[in-house]
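What follows is calculated from the coordinates using simple rules that are stated; it is not laboratory data. Note that the structure is predicted; figures quoted are calculated from it, not measured. Note that each Cβ is placed from the backbone with ideal geometry, even for glycine, and that neighbours are counted across all protein chains shown.
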Amino acid sequence: MSDHQIFAAALLFPLGWLALYALLLIGQVRVRESFPVAGLKLVVGALVATYGWLALRGEALAVSLPRWLWIPWVYEFPLELRFTPALGTAALAMLLIVAVLVRYSETYLHKEAGFHRFFFLFSVFMGAFPLVVFADNIDVLFIGWELIGVTSVLLIGFYEHRPKAAVHSWWAITTYRFCDVGLLAGAAIAHYAAHTSNISILNRPADLILQHPEHAGWVGGLAFFIFFASLGKAAQLPFTSWIARAMEGPTPSSALYYGALSVGLGPILLLKFQPLLLHFAWMQVLIIFVGASSALYAYLVCKTRSDAKGILAYSAVFEVSFMVMEVGLGLYDWVIFHFVAHAFLRVLQFLRSMNAIHDFYENPLFFRGAPHHPSPWVVRLLPPAMQRRLYHRAMNGFGLDWFWLNVVVRPWMDGLSQLNRLENWLALGERWREHAPITEDEA
């Protein structure tokens with residue numbers, strides 16, 4: 001087999017496992033807990049060997065299957081994927097982390113009612129993550145991007161009996177959907193202005209402008225929408241507060257999604273489009289500014305959190321914000337290294353968080369005599385009144401939740417309600433007014 005065939009087989013292997021597992025669950029076949037664990041271990045082992053071999057070869061590979069979706073006489077959507085040694089390293093890190101979490105989850109979720117639901121969503125993530133990392137056009141990337149978002153939301157609401165689980169998953173899915181509009185808009189602009197969604201072609205903006213001078217202004221819009229799409233999963237300002245709510249799910253999923261890999265997909269998306277983004281000086285300044293602002297926000301809020309997983313969530317946002325800044329500074333290989341190193345560290349901290357709490361409160365050997373400085377030295381230089389005000393604002397997340405609820409969500413919902421009333425009035429006229437519900441003011 002050639003390297004191209006090996007790469008294609010590696011992409012299909014987790015999808016084949018996912019199809020088998022899904023058929024067994026849909027057919028209500030009695031499946032032992034050891035079955036998905038063994039299946040995922042087999043998939044991880046095969047992919048580690050494959051990606052490791054391809055990364056050692058040090059060659060870039062491209063796989064393209066034309067016309068996987070075809071609109072007659074209008075457009076073709078090819079299936080394009082590209083392997084590079086740097087992205088292969090990121091995929092290897094993902095696989096090693098998944099192997100650790102599979103072993104951890106085997107005991108953590110033993111005899112839980114949702115055991116197979118958890119491992120099925122884990123399997124979906126295994127099939128979707130390579131589509132995001134290795135995608136060479138926006139259409140394929142969007143498929144993997146959405147699958148990861150869906151599994152993230154379902155795992156936040158994993159404990160169905162908890163009322164807060166549904167509320168917190170709602171926060172995540174609304175944030176994802178709002179930001180994913182950027183990826184959809186980027187794909188639409190790419191197809192309209194460049195007549196292609198191939199990432200390698202889009203990363204040559206100077207050539208695109210020369211080939212399509214009539215659509216030169218759209219290239220800057222494409223760069224902005226790609227950046228906007230990355231903000232949701234990366235939990236960058238102003239879409240940061242949802243990540244603390246995402247800690248409602250099981251600890252293994254929190255470690256995988258919000259400590260290591262899913263939250264790091266924002267910088268990976270920017271990295272895939274780095275030449276396009278850095279072609280515009282204003283885009284480079286915007287990326288660095290948002291990353292720096294998000295890092296400062298996460299740092300201050302993290303200092304006021306009292307729960308272990310919340311502290312780790314904002315710590316992850318702090319590190320991801322630095323990755324975003326590194327993309328803006330043009331550091332390609334350093335972002336990959338930072339992504340891998342941060343993923344391993346954060347997974348370890350998430351999985352050990354319960355033990356750390358136990359050690360702090362119950363282990364007599366744990367040293368607690370060191371002086372405690374809750375605020376950084378820069379904050380301690382401020383006047384005491386300003387320190388108290390800053391601490392209070394940080395405890396409330398600087399009013400970010402209030403802003404989204406009262407400035408964005410409620411006016412939007414009120415506007416939609418008014419449009420619905422107008423539509424009913426135009427469609428039904430007098431009949432609607434006779435049967436319209438009585439409001440509180442009218443009562």
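Contact order, relative form, for the chain: 12 percent (alpha carbon pairs under 8 Å, 6 or more residues apart, mean separation divided by residue count). How many percent of Cα pairs in the range 151-209 exceed 18 Å? I get 53 percent for the Cα pairs in the range 151-209 exceeding 18 Å.
Projecting label points 7 angstrom from Cα along Cα→Cβ for GLN418 and ALA86 puts them 4.9 nm apart. Convex hull volume of the C-alpha atoms in the range 188-284, normalised per residue: 101 Å³. What base-10 log of the normalised intensity I(q)/I(0) is obtained for the range 66-188 from the Debye formula, alpha carbons as equal point scatterers, at q = 0.13, 0.20 Å⁻¹? So the normalised log intensities work out to -0.68, -1.21. From the alpha carbon centroid of the range 254-293 to that of the range 1-66 is 28 Å.
As a test of the formula, what do you get for the chain when each DSSP H run with n ≥ 4 contributes -39,500 (n - 2.57) and the sum is divided by the residue count, at 222 nm and rounded to the nearest 500 deg cm²/dmol?
Values: 21 runs with 303 residues, N = 443.
After summing the helix terms and dividing by residue count, I get -22000 deg cm²/dmol.
Mean-square fluctuations from a GNM of the chain, with a 10 angstrom spring cutoff on Cα atoms, peak among LEU56, LEU147, LEU381 at LEU381. A simple charge model with +1 on the Cβ of Lys and Arg, -1 on the Cβ of Asp and Glu and nothing else charged puts the dipole of the chain at about 1180 debye relative to its Cα centre.
When the gyration tensor of the range 275-354 is built from Cα positions, what are the square roots of 5 times its three eigenvalues, in whole Å, from largest to smallest?
Semi-axes, largest first: 27, 16, 6 Å.
Fully extending the segment from LEU56 to VAL29 would add 5.6 nm, taking 0.36 nm per residue of separation and subtracting the current Cα-Cα distance. For the chain, the residue among ASN355, LEU95, PHE228 whose Cα projects farthest onto the positive side of the dipole built from Cβ charges is ASN355. For the peptides 417-427, 85-95, the ranking by packing is 85-95, 417-427, with the highest mean count of neighbouring Cβ atoms within 10 Å listed first. Modelled this way, with points 7 Å down the Cα-to-C-beta line, the labels at TRP425 and VAL285 are 4.6 nm from one another. Pairwise Cα separations in the range 116-242 fall into 10 Å bins from 0 onward with the following percentages, short to long: 13, 37, 30, 14, 6, 1.
Which three semi-axes in whole Å describe the equivalent ellipsoid of the chain, each the square root of 5 times a Cα gyration tensor eigenvalue, listed largest first? Write out the running numbers ahead of the final one.
On the way: eigenvalues 222, 204, 146 Å².
The equivalent ellipsoid of the chain has semi-axes of 33, 32, 27 Å.
Segment SER293..LEU405, full-extension length gain: 38.2 nm, with 0.36 nm per residue of separation and the alpha-carbon distance subtracted.
Every pair of different Cα atoms in the range 189-348 enters the Kirkwood calculation, which places the hydrodynamic radius at 16.2 Å.
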